[in-house]
Amino acid sequence: LAIILIVSVVPVQAASSDIVPYRYDYVSSCSIFLNISSRGLATCTSNIVLRSGVTAEMTVTLYKSTDKKSWDYVKSWDTSGLLALALEKSYYVMSGHYYKAVLSADIYNSSGSLVESITSTSNIHYY
């Protein structure tokens, strides 16, 4: 039994070492979190750290769903800047729905040309 287990583990380890995570060209890090309190206060927390020489316009959008397949717009917030952008916004939501937050950002070089667009999605929460 131990030999079978070892043989079955080796291919999985070999396969996983080939996975290379996607890296952004102009964004050092990006995160989006959603928390919903027991009273229905949804708090979206998002951060982007940019590489030097670029600016960003960031939007965080809160969505709701009853089936986790089709999503309806609830609320959005925007900010822009350079180096590091952060948003923490809260909004009361209705019970009986799934919720997620989506961060989207457009990155511009010093000439104002769009050089990258990124998107990141939070975990889904039911309230």
Exercise. Among the residues of segment 91-112, write down those that are over 18 Å from residue 73 (Cβ atoms) and open to solvent by 40 Å² or more (accessible area, probe 1.4 Å).
Key: 95, 106, 108, 109, 110, 111, 112
Quiz item: Taking segment 52-68 as the region of interest, how many residues are more than 18 Å from the chain's Cα centre (by Cα) and either polar (S, T, N, Q) or open to solvent by 90 Å² or more (accessible area, probe 1.4 Å) (or both)?
Solution: 3
Quiz prompt | Unmet requirement for residue 39, which otherwise passes all of (1) modelled with pLDDT under 95; (2) outside any strand (DSSP E or B) | solution = (1)
Self-check item: strands (runs of 3 or more DSSP E) contained entirely in segment 76-127, each with at least 3 residues that are closer than 17 Å to residue 29 by Cα and of a type outside the set (A, V, I, L, M, F, W, C)
Solution: 98-108, 114-121
Practice problem: Select from segment 25-40 the residues that are surrounded by fewer than 16 Cβ atoms within 10 Å (Cβ to Cβ), within 15 Å of the chain's Cα centre (by Cα) and more than 14 Å from residue 125 (Cα to Cα) and list them in ascending order. | Solution: 28, 29, 31
Self-check item: Extreme residue, surrounded by the fewest Cβ atoms within 10 Å (Cβ to Cβ), among residues of segment 41-51 that are of a type in the set (Ser, Thr, Tyr) and within 22 Å of residue 27 (Cα to Cα)
Solution: 45
Self-check item: Odd one out for residue 76 among (1) farther than 18 Å from residue 101 by Cβ; (2) of a type outside the set (D, E, K, R); (3) surrounded by 13 or more Cβ atoms within 10 Å (Cβ to Cβ)
Solution: (1)
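The values are calculated or read from the model by the stated rules, or taken from the named source; none is laboratory data. Just so it is clear, the model here is predicted, and its values are computed rather than measured. Cβ: placed from backbone, ideal geometry, glycine included. Neighbour counts: every protein chain shown. SASA here: full protein model, heavy atoms, side chains in, ligands and nucleic acids out. Shrake-Rupley method; radii C 1.70, N 1.55, O 1.52, S 1.80 Å.
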